Amino acid sequence: MFNPKYLESGEFYQRRYHNFSTLIIIPTFLLVLFVVLFSLFAKREIVVRATGQIVPDKSLAIIQSTSNSAVDTNYLSENKYVKKGETLVTFKNRQEMTSKNLLDQQIDNANDRLQSLESYKESILTGRNVFEGSDKFGYDNLFNGYIAQVNALDHEFKQQNSDKLTADRQADAQIGVLNKAKKENQAQLSQYQAILNSIKNNTKVTNIAYQYIYDNFVIQQQNAQTTAEKNQIKQETIGNIQQQIDQLSSTNASFETQIAGITKNGPLSQASTLDKIADLKQQQLANAQQEINTEKQKLDELNTKKCFNSADNEDTIIKSPETGLIHLEAIKSKIKYLPKGQTIAEIYPKLDKNTKLNVQYFVPAKNIVGVKVGQTIRFIINQNVTKPMMLNGKIKEIGEAPIQTKQGSVYQCEAELSIPENEYHRIKYGLNGRVNTIKGSKTWFNYYRDILVGEE
């Protein structure tokens with residue numbers, strides 16, 4: 001018979017190994033362990049995504065507008081195949097003649113002004129008016145003004161000479177008066193000195209201007225009774241005479257001081273006036289030469305414009321310089337005016353298996369770090385196709401500086417595409433697609449860690 005003990009043992013075993021822990025937690029733990037190990041060793045590519053467009057490795061030619069006139073006929077259209085020498089655009093030629101006549105008038109006027117300036121310069125150099133009649137630009141009046149300034153400087157020098165001569169005559173007259181007064185004063189001084197010497201030396205004087213002083217002294221001496229009285233009279237007379245002598249000597253010194261204080265300037269030099277005239281001449285010549293240079297530059301510019309205007313008459317037809325496919329520069333075929341110098345189209349090489357193609361795209365400035373020349377890219381074309389086409393390539397060029405757009409700063413990049421021969425028939429210029437730039441790789445663990453810390 002069946003032993004009940006075995007039944008109890010089997011029930012115990014089933015309860016022990018077929019519970020919640022064995023059925024849920026352990027498989028979940030194993031799954032988590034697998035995911036962690038996978039994230040530590042499995043890697044994912046670090047990709048920068050952008051939108052790109054297929055362009056040729058280089059265009060054959062750039063087509064620019066050659067006239068500002070209205071467009072007469074426009075044969076340009078996107079992806080049109082043209083041959084070298086084929087007519088692309090023709091312009092109407094209506095305003096060129098008006099511009100030519102206006103330029104001719106301006107050139108004639110510039111030549112006339114230049115001739116007048118040369119006459120003005122020659123007049124200054126020679127000091128005489130070489131203009132033949134009245135000058136319509138007024139340079140003859142400028143020369144007359146220059147001559148008037150020269151004459152004014154000469155007159156100023158002559159006036160200074162005249163004023164100096166007058167001042168010298170006045171100084172000479174003052175010196176003469178003072179010398180005469182000094183001479184008269186000196187004569188009086190000599191008379192007093194002779195009387196003084198006569199009294200001191202007890203000698204007799206005669207026939208002098210102040211004889212009365214000596215005669216009075218002699219009479220007083222004769223009337224004196226004593227020797228002391230005579231000595232007193234003699235001392236008083238000597239003192240009075242000495243006082244007069246001192247006063248006359250002081251007056252003489254005053255005359256000499258006044259004469260010494262009257263000075264006369266030396267002869268005036270005309271060098272200063274001649275320097276002023278020379279400076280004025282150089283200034284006028286410099287101004288004339290500056291205007292001549294300006295007018296010559298203006299004349300050169302007008303002649304250049306005239307050449308361009310003549311070229312405009314010839315540049316009313318734009319022909320294809322190369323054989324290839326037309327690529328329009330965002331321009332409509334019905335535009336009436338194409339400003340001269342504006343790029344209106346490019347000529348691309350005809351597509352075949354030997355044509356090198358690039359993809360041009362823009363990478364946001366915040367994602368440019370780590371993008372290098374030589375890195376691999378994947379270009380995926382899925383424009384209305386049943387089967388998307390994926391092309392590989394390598395970066396060949398990265399812009400040196402960012403470009404400002406409405407979406408922010410971006411860097412222009414170009415990558416060379418590797419196209420299988422069997423895919424060339426599907427390629428067209430201007431095809432758009434998604435560009436994945438592979439910057440590198442990192443483990444899934446590091447990827448999610450960077451997301452958590454905000455570095456991704």
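The values are calculated or read from the model by the stated rules, or taken from the named source; none is laboratory data. Predicted model, so just to flag it, every value in this text is computed and none were measured. Every residue, glycine as well, gets a Cβ built from its backbone with ideal geometry; the counts of neighbours run over all protein chains shown. Side chains included, ligands, DNA and RNA excluded: accessible areas come from the protein's heavy atoms. Shrake-Rupley method; radii C 1.70, N 1.55, O 1.52, S 1.80 Å.
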Residue satisfying all of: in the stretch 38-62; assigned to a strand (DSSP E or B) and open to solvent by 70 Å² or more (accessible area, probe 1.4 Å); modelled with the highest pLDDT among these: 51
Residue under evaluation residue 82, criteria (1) within 30 Å of residue 396 (Cβ to Cβ); (2) open to solvent by 50 Å² or more (accessible area, probe 1.4 Å), criterion not met: (2)
Residue match in the stretch 170-192 (condition: open to solvent by less than 80 Å² (accessible area, probe 1.4 Å) and basic (Lys, Arg)): yes
Residue identified as part of a loop (DSSP other than H, G, I, E, B) and either surrounded by 16 or more Cβ atoms within 10 Å (Cβ to Cβ) or over 40 Å from the mean Cα position of the chain (by Cα) (or both) among 154, 135, 140: 135
Matching residues, the stretch 63-78, being of a type outside the set (S, T, N, Q) and either out of contact with any strand residue (DSSP E or B) (no Cβ under 9 Å at 6 or more places or on another chain) or open to solvent by 10 Å² or more (accessible area, probe 1.4 Å) (or both): 71, 72, 75, 76, 78
Odd one out for residue 130, checked against (1) surrounded by fewer than 16 Cβ atoms within 10 Å (Cβ to Cβ); (2) aliphatic (A, V, I, L, M); (3) in a helix (DSSP H, G or I): (3)
Failed item in (1) over 43 Å from the mean Cα position of the chain (by Cα); (2) at pLDDT 80 or above; (3) small (Gly, Ala, Ser), with residue 9 passing the rest: (2)
Filter result (closer than 11 Å to residue 185 by Cβ and touching a residue at least 40 places away in the same chain (Cβ under 8 Å)) within the stretch 246-261: 248, 249, 251, 252, 255, 256
Any chance residue 117 is in contact with a helix residue (DSSP H, G or I) (Cβ under 8 Å, 6 or more places away or on another chain), under 15 Å from residue 289 (Cα atoms) and either open to solvent by 60 Å² or more (accessible area, probe 1.4 Å) or of a type in the set (S, T, N, Q) (or both): no
Looking only at the stretch 199-215, and only at residues there that are of a type in the set (A, V, I, L, M, F, W, C) and in a helix (DSSP H, G or I), the one that is least open to solvent (accessible area, probe 1.4 Å): 199
